[in-house]
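Asks: Sharing a structure with you now.
The values are calculated or read from the model by the stated rules, or taken from the named source; none is laboratory data. All values derive from a computational prediction rather than experimental measurement. For neighbour counting, all protein chains shown are included, and Cβ atoms are generated from backbone atoms with ideal geometry for every residue, glycine included. The protein model used for the area step is the full one, side chains on, heavy atoms only, and it has no ligands, DNA or RNA in it. Shrake-Rupley method; radii C 1.70, N 1.55, O 1.52, S 1.80 Å.
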Amino acid sequence: QVQLVESGGGLVQAGGSLRLSCAASGGTFTSYAMGWFRQTAGKGREFVAGISRRGGSLYADSVKGRFTISRDNTENTVYLQMNSLKPEDTALYYCAADRTYDNNYVHTRYGEYDYWGQGTHVSVSS
């Protein structure tokens, strides 16, 4: 099993940037594909971005070209660089770990991930 702790959320104006971090402990970090999800009051837990064990990435259409997911296996940390933020990006952002045997596959549904952090808030004002 793995424990996940998110950080880096905050309040920014539209067009600004934030960098979220997710520190993992326990388990073997390189054995997990990692993902970022977000949740608002009116929606379920929505896939934002994911990165495979080998570093391949996948993005939701709504953030493609603006967000970048990356991982540092020496630090057991996954990042989400968020640029050109929009008010609709406002949400509670969760980090998740997917125990998978596939080196390159990225799941996009929350039920396919095994471990979750507590979330970090991102608020984008207009």
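Asks: Give me the pairs: first residue in the range 101-118 and touching a residue at least 60 places away in the same chain (Cβ under 8 Å), second residue assigned to a loop (DSSP other than H, G, I, E, B) and of a type in the set (Lys, Arg), beta-carbon distance under 6 Å, and six or more apart or on different chains, which are they?
Replies: What qualifies is 110/45.
Asks: I've got another one for you. Determine if the range 47-55 includes at least one residue that is among the hydrophobic types (A, V, I, L, M, F, W, C), open to solvent by 20 Å² or more (accessible area, probe 1.4 Å) and more than 19 Å from residue 16 (Cα to Cα). Don't jump to the end; show me each part of the working.
Replies: Taking the range 47-55 first, the residues among the hydrophobic types (A, V, I, L, M, F, W, C) are 47-49, 51.
Applying the additional criterion that residues be open to solvent by 20 Å² or more (accessible area, probe 1.4 Å) yields 47.
Within this subset, residues satisfying the condition of being more than 19 Å from residue 16 (Cα to Cα) are 47.
Yes, the range 47-55 has at least one match.
Asks: Okay, moving on. Taking residue 34 as meeting all but one of (1) in a strand (DSSP E or B); (2) open to solvent by 50 Å² or more (accessible area, probe 1.4 Å), write down the number of the exception.
Replies: The failed condition is (2).
Asks: Among (1) under 22 Å from residue 17 (Cα atoms); (2) modelled with pLDDT of 95 or more, there is one condition residue 40 misses while meeting the rest; what is its number?
Replies: The number of the failed condition is (2).
Conditions tested, residue by residue: (1) of a type outside the set (Asp, Glu); (2) part of a strand (DSSP E or B).
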| position | (1), (2) |
| --- | --- |
| 61 | no, no |
| 64 | yes, no |
| 69 | yes, yes |
| 74 | yes, no |
| 79 | yes, yes |
| 88 | no, no |
| 93 | yes, yes |
| 98 | no, yes |
| 101 | yes, no |
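Asks: Of everything in the range 37-46 that's open to solvent by 50 Å² or more (accessible area, probe 1.4 Å) and not in a loop (DSSP other than H, G, I, E, B), which residue is farthest from residue 123 (Cα to Cα)?
Replies: 46
Asks: Filtering the range 66-118 down to residues that are of a type in the set (Lys, Arg) and closer than 22 Å to residue 40 by Cβ, which residue is surrounded by the fewest Cβ atoms within 10 Å (Cβ to Cβ)? Talk me through it step by step, then tell me what you get.
Replies: Going residue by residue through the range 66-118, those that are of a type in the set (Lys, Arg) are 66, 71, 86, 99, 109.
So of that shortlist, the ones also closer than 22 Å to residue 40 by Cβ come out as 66, 86, 109.
On the way: 66: 15, 86: 14, 109: 10.
Within the range 66-118, the match that is surrounded by the fewest Cβ atoms within 10 Å (Cβ to Cβ) is 109.
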